[in-house]
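**Q** What follows is a single structure, and I will ask about it in a moment.
The values are calculated or read from the model by the stated rules, or taken from the named source; none is laboratory data. Computed from a predicted model, the values in this text were never measured in an experiment. Areas reflect the complete protein model, heavy atoms only, side chains present, ligands, DNA and RNA absent. Shrake-Rupley method; radii C 1.70, N 1.55, O 1.52, S 1.80 Å.
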Amino acid sequence: MDVEDLPVKISERSNPARYQGALVSAALSSGVGHDAPDADLDQAATTAGLRPPALAASREAVRYALECPVDFMGDDSNQDIAQAVFDAASERRPLVVLDHRGRPVVMVPQPVEESV
């Protein structure tokens, strides 16, 4: 087995946006909605091989992403879409975007390190 084949552990504390994005994906795969109890969110995390969220901020970010997906083909205006993207980027939290077929895609902001 190569090193590349080993599962990568995602840390809620050292990379919260990536962890939250993985948890959003797990929730979507499990059919967990924004209003599901913590136990359901924890189960979705465990099923996906993640630790259940320890931080309230992670639960809030995941619930927000699940509750407010951006729909490029729906009724969302360009201004609403831009604001959702800018908010997610500035707050470093995941964003669910519905594609042209209505399927959810999880977007996770990744800060770019400046080279010195």
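**Q** For the range 15-68, what % of the accessible area comes from carbon and sulfur atoms, probe 1.4 Å?
**A** Roughly 50 percent, rounded to a whole number.
**Q** Per residue, how much accessible area does the chain show when a 1.4 Å probe rolls over the protein heavy atoms, in square angstrom?
**A** On the way: 7820 Å² over 116 residues.
In whole numbers, the chain has 67 Å² accessible per residue.
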